[in-house]
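The next block holds one structure in the form of structure tokens; read it before the comments.
The values are calculated or read from the model by the stated rules, or taken from the named source; none is laboratory data. The structure presented is a predicted model; accordingly, all values stated were derived computationally and were not measured. Quick reminder, even Gly has a Cβ in these numbers, built from the backbone with ideal geometry, and neighbours come from all protein chains shown. Ligands, DNA and RNA are excluded from the accessible area calculation, which covers all protein heavy atoms including side chains. Shrake-Rupley method; radii C 1.70, N 1.55, O 1.52, S 1.80 Å.
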Amino acid sequence: VPGVGEQVGIVGRDAELRALHGALDALARGESPTVVLHGEPGTGKTLLLRELRDAARGRGYAVASGTATELERSVPFRPVVDALEEFGQDLGGLAPAQRAELSAVFPGHGGGARGGILPAERYLLHDAVRRLLELVAADAPLVLALDDLQWADEASLELLAHTMRRRPRAPVLLALAHRSREAPPPLLDALTRDDALTELELRPLSPDEADELLGPGVPAPRRRALYAESGGNPFYLTELARAGDVAATAGAAGGGTVPRTVAASIRCELARLPECTRLALQAAAVSGDPFEPGLVAEIAEVPRDRVLEVLDDLQALELVRPAESPGRFRFRHPIVRRAVYESSGDGFLLAAHARAAAALARRDGSLAARAHHVERSALPGDDAAIELLSEAGRTGAGRAPAAAARWFGAALRLLPDGDGRRLELLVPYATALAAAGRVDECRAALIEALDLLPEQLELARARLTGLVAGVDHMRGEPEAARALLVRALAEIEDGDSAAACALRLELALDHWLANDWREMAGAARGVLAHARALGDRQLEAEAAALAALGEYYLGRSLPDAEAALAEARLLLDALPDHELAGCVRAALFLGQAAFGMEQHDAAAAVLRRGIDVARSTGQEYWFVALLSARAVAEIWRGRLPLAQEHSEAAAEASHLLGNDQMLVAAHSVLTWTLTLRGDVDGALASAEAARSAFGRAPASALGWLPHCTFAAALVEAGDPDRASAVILSQAGGEDLSAIEPSFRVHWYEVLARADLARGRPEEAAAWLERAEELAAALPLEGRVAELRRAGAEVALASALPEDAAALAREAADGFRRCRQPLDAARAELVLGRALAAAGEEREATRVLLGAREQLAACHADGLVRDAERELGELREDGGAGELAALTSRELEVAGLVATGMTNREIAARLVLSDRTVERHLARIFAKLGIGSRAALAAAVERGRVAR
Ligand SMILES: Nc1ncnc2c1ncn2[C@@H]1O[C@H](COP(=O)(O)OP(=O)(O)OP(=O)(O)O)[C@@H](O)[C@H]1O
Ligand SMILES: [Mg+2]
């Protein structure tokens, strides 16, 4: 019964169709919904997607549609390229860098993409695709339909997840389909995070619907038999009906399951085809779905005209049908393609894939497409294939590391044992595996490389051992890392050799990660002395940088720390970039030591250099760590937008690497940045991300950082109780013993500010006293200034405005000397308040105006608002009376409550969340000892009158 079901249109599925039209209505309203269709094979997902696309076109919407395919699941970005290729032609509205990103993925764009992209930077491509979607959807709402996602490659899924996480700022309906039980975990993961998701599960048809589908041409008893056999699956129903006698085909399949019966019936259908037709069809199955007749002709080795004739027959038999793009054809169903492919002999497939690869090479086909065929046709020892697969691996490493790992792996399998090229491929293979988040396989590849490395190459072996130890740390197995290093060190005869030094440096790092700063500093100094004697400049630079960091961490002596830092800077500056590339983490150590020692410009410079070198040499682990460190340097320099940009980039990159330790660091720094910018809700959201990554991450150094930055955000969010509790419980108690000594002062200031906000100036003063000792051991100007600034706030809260002014002035001067303009302005903000409280309004106004200008230059928007509020109060000329206990933010909230605004309105006005306003209000009530908004309004009123 040819054409069963074809004429009847869609049977049943009313609810699903309503939901699809509902999604289009939402799109018309400017929303960006997601619809996911799933069900068993053959339940009508593709049919409903087609219906959706037709309806969308009918409304004049733009439609992009792509399909993943079973055999090509290793080809990166296939469904995405399939969907967006036609839009990828006109990229005029994109920035050149984004255009270049897209051209790396869309074929026929003549390249121009930055080659040296790191896997960790592949979000740049994702951003470019989002931008492209926005451009397309700017003219008309866009439906992006992606089918058969159970076969999507990792790179496409990652791009999709990114698009769902960061929706284009234009109406885009994502319509996704996948087979229920075969969905890849990253897809399910992305779907569960989508709040705008409508899930449609396609179940079997009812008996009545099946009757309707089969039509009156099929006699009722036969319809019942078909229903029983197919279980109501529309594809099986129509296939079995096509096959004629159900019993006969079931017999041919050996009484197997329905899918096997259907496959058997398709095989029967194929067996009836003339030889040449079958051959062309098999060549088509090798070529792809959709396929193009010219390529099929080359694979089948028959003239193109002959293929076109055959295609007419195949269309008449409904084995293939025209595809949406002109000049191409599709199989009736993926199951048919698979049956055709599987009906081909192994020898034919091998030869056919080889011819496909050769044909694509002649046509300048993409490396990815060629690699796909080569992988399926090459024989061991095939040098050209090994070269092509390695090349595809190298090219794909940046944007599609999972595919790159596959190709490197394929190339390695073709290499004979003992071939020298194995070693060359293993390290990039391991890198791609790490980038794809497959650390266990990465470790195995590195170990194999280590086994292959000759004994004499001691130093290279030591470096590689260091890499394995690093991977062990990433896997949360520090003991394994240490054991490996100790064992490797024991195997080296000459304890003074460069290899022994290199291993000892790794052990020093190991101490760092274990928060054992003393051991770390000592070990680094030891390596430094040895490396100097050996004349190994890289090792020397690395050890010097780590030793400088160790001196700073210990916080014992300013001259020692300064000398160590100066020495490391000299050594690194003397290294040309290509040598720094061999020890790029030295830039990270030095950068951290430099901003710790308040040499912020030097820190930014060395970190910038490190980022460039790491990027251009593909060392993405260090690249990401350097990005986060650079963000910190920019925070100190008061360049908050830059800090935000770098920490966001680091967060994206860590996310892509699947590295939770790095995600913790990036989000902590972002929290810190956003807190200073005055984006309290953004800061809390980032803190949440940091803390949840922390929950997943294997133990690592800096475990206190996400909690402490969270606490600083909590102080601004009006929850100082929780802020104190978080710091004290997560940073090693009242001694803050988890934090390196030299950095504790900073967090004591946060504790002090929290206690001031809680109305406890004595407790605040006690924290500062503890900090005083630490600052005396390592009297860095900025650290001392932090103490003075906090001291000023304590004095102000204790009604000692003159003392407060003196301390704040001292703080501002200190900050300016160490070039921390944002901190200086914050000190001036305190100074302004102190002067106002001391009755020196004119001077206060002058100071506050200056502070406001500086804060605005730093884009510290929240602090700018604080400065403006203080200035406003000065203009209104007067104190706040009983409201004196309130912070300036609380005063602001109180003032708005008095005007009769609701919490929601206040939240909107101050760009805060409702919860933050509630918290402020609770605190105001507690401080003033009142319990109602009316009482608060009265207090505010009294305050006004008093002025
Ligand atoms: N409700 C329906 N009414 C009419 N025909 C249907 C219906 N559902 C499916 N069909 C037909 O059944 C066949 C299989 O449907 P379709 O290809 O959409 O399934 P699918 O869910 O996409 O399967 P797969 O998971 O294998 O891709 C098609 O020929 C389609 O036209
Ligand atoms: Mg389908």
Qualifying position, being free of Cβ contacts under 8 Å to residues at least 60 places away in the same chain and farther than 14 Å from VAL750 by Cβ, among LEU674, LEU714, LEU656, LEU705: LEU674
Residue among ALA104, ALA15 that is within 13 Å of ligand 1 (Cβ to nearest atom), of a type in the set (Gly, Ala, Ser), more than 20 Å from PHE331 (Cα to Cα) and at pLDDT below 95: ALA15
Test for ARG376: is it modelled with pLDDT under 90, of a type in the set (Lys, Arg) and part of a helix (DSSP H, G or I): no
Residues satisfying the stated conditions in segment 27-46, i.e. more than 16 Å from ligand 2 (Cβ to nearest atom) and open to solvent by less than 10 Å² (accessible area, probe 1.4 Å): LEU27, THR34
Residue list for segment 321-338, filter: closer than 22 Å to ARG355 by Cα and touching a Leu at 6+ places or on another chain (Cβ under 9 Å): PHE329, PHE331, ARG337, ARG338
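Listed here are the residues, each with its yes/no results for (1) away from ligand 2 (no atom under 16 Å from the Cβ); (2) under 19 Å from GLU298 (Cα atoms).
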position	(1), (2)
ARG328	yes, yes
ARG332	no, no
ALA359	yes, yes
LEU388	yes, no
ALA435	yes, no
Among residues of segment 225-238, those that are touching a helix residue (DSSP H, G or I) at 6+ places or on another chain (Cβ under 8 Å), more than 16 Å from ligand 2 (Cβ to nearest atom) and open to solvent by 20 Å² or more (accessible area, probe 1.4 Å), counted: 4
When residues of segment 471-498 are limited to those that are touching a helix residue (DSSP H, G or I) at 6+ places or on another chain (Cβ under 7 Å) and touching a residue at least 60 places away in the same chain (Cβ under 8 Å), the one farthest from THR431 (Cα to Cα): PRO478
Those residues of segment 350-373 which are over 28 Å from ASP417 (Cα atoms), open to solvent by 20 Å² or more (accessible area, probe 1.4 Å) and in a helix (DSSP H, G or I), in sequence order: LEU360, ALA361, ARG362
Candidates ALA776, ALA738, filtered to the one that is in a loop (DSSP other than H, G, I, E, B), more than 20 Å from ALA851 (Cβ to Cβ) and hydrophobic (A, V, I, L, M, F, W, C): ALA738
Entirely in segment 472-565, the helices (runs of 4 or more DSSP H) that have 2 or more residues that are open to solvent by 60 Å² or more (accessible area, probe 1.4 Å) and within 22 Å of ASP451 (Cβ to Cβ): 478-491
Among residues of segment 275-324, those that are farther than 18 Å from ILE335 by Cα, over 47 Å from the mean Cα position of the chain (by Cα) and touching a residue at least 12 places away in the same chain (Cβ under 8 Å), counted: 6
Residue among ARG443, ARG461, ARG438 that is surrounded by fewer than 21 Cβ atoms within 10 Å (Cβ to Cβ), at negative phi and free of Cβ contacts under 8 Å to residues at least 40 places away in the same chain: ARG438
From the options PHE623, PHE589, residue that is open to solvent by less than 30 Å² (accessible area, probe 1.4 Å) and modelled with pLDDT of 95 or more: PHE589
Selection within segment 47-64 - in contact with a Pro (Cβ under 9 Å, 6 or more places away or on another chain) and within 16 Å of ligand 2 (Cβ to nearest atom): LEU47
Test result for GLU716, in contact with a Phe, Trp or Tyr (Cβ under 9 Å, 6 or more places away or on another chain), among the charged types (D, E, K, R) and open to solvent by 20 Å² or more (accessible area, probe 1.4 Å): no
Residue list for segment 899-924, restricted to those being open to solvent by 40 Å² or more (accessible area, probe 1.4 Å) and not basic (Lys, Arg): THR899, GLY900, THR902, GLU905, ALA908, VAL911, ASP914, GLU918, ALA922
Matching residues in segment 221-256 - criterion: being more than 50 Å from the chain's Cα centre (by Cα) and modelled with pLDDT under 85: GLY244, ASP245, VAL246, ALA247, ALA248, THR249, GLY251, ALA252
Members of segment 118-161 that are crowded, with 20+ Cβ neighbours inside 10 Å, assigned to a loop (DSSP other than H, G, I, E, B) and more than 16 Å from ligand 2 (Cβ to nearest atom): LEU118, ARG122, PRO141, ASP153
Unique residue being assigned to a loop (DSSP other than H, G, I, E, B) and among the basic types (Lys, Arg) when the list is ARG422, ARG406, ARG399: ARG399
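Residue under question is SER390, and the condition is that it be of a type in the set (Ser, Thr, Tyr) and under 21 Å from CYS276 (Cβ atoms); does it hold?
no
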Selection from segment 312-343 of residues that are open to solvent by 10 Å² or more (accessible area, probe 1.4 Å) and out of contact with any Asp or Glu (no Cβ under 9 Å at 6 or more places or on another chain): ASP312, ASP313, GLN315, ALA316, ARG321, PRO322, GLU324, PRO326, GLU342, SER343
When residues of segment 170-195 are limited to those that are surrounded by 12 or more Cβ atoms within 10 Å (Cβ to Cβ) and part of a loop (DSSP other than H, G, I, E, B), the one farthest from ligand 2 (Cβ to nearest atom): ALA170
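If you scan segment 598-620, which residues turn out to be touching a Phe, Trp or Tyr at 6+ places or on another chain (Cβ under 6 Å) and open to solvent by less than 10 Å² (accessible area, probe 1.4 Å)?
The first filter runs over segment 598-620 and keeps only residues touching a Phe, Trp or Tyr at 6+ places or on another chain (Cβ under 6 Å), leaving 600, 603, 614-615.
Of everything in segment 598-620, those that are touching a Phe, Trp or Tyr at 6+ places or on another chain (Cβ under 6 Å) and open to solvent by less than 10 Å² (accessible area, probe 1.4 Å) turn out to be HIS600, ALA603, ALA614.
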Which numbered condition SER692 misses (of (1) part of a helix (DSSP H, G or I); (2) open to solvent by 20 Å² or more (accessible area, probe 1.4 Å); (3) under 30 Å from ALA764 (Cβ atoms)): (3)
Residues being at pLDDT 80 or above and either among the acidic types (Asp, Glu) or touching a Cys at 6+ places or on another chain (Cβ under 7 Å) (or both) - total across segment 852-888: 6
Residues within segment 133-151 that are within 16 Å of ligand 1 (Cβ to nearest atom) and out of contact with any Leu (no Cβ under 7 Å at 6 or more places or on another chain), tallied: 3
Extreme residue, modelled with the lowest pLDDT, among residues of segment 379-395 that are open to solvent by 10 Å² or more (accessible area, probe 1.4 Å) and closer than 13 Å to ALA369 by Cα: THR395
Test: residue in segment 614-633 that is farther than 29 Å from PRO576 by Cα, part of a helix (DSSP H, G or I) and among the small types (Gly, Ala, Ser): no
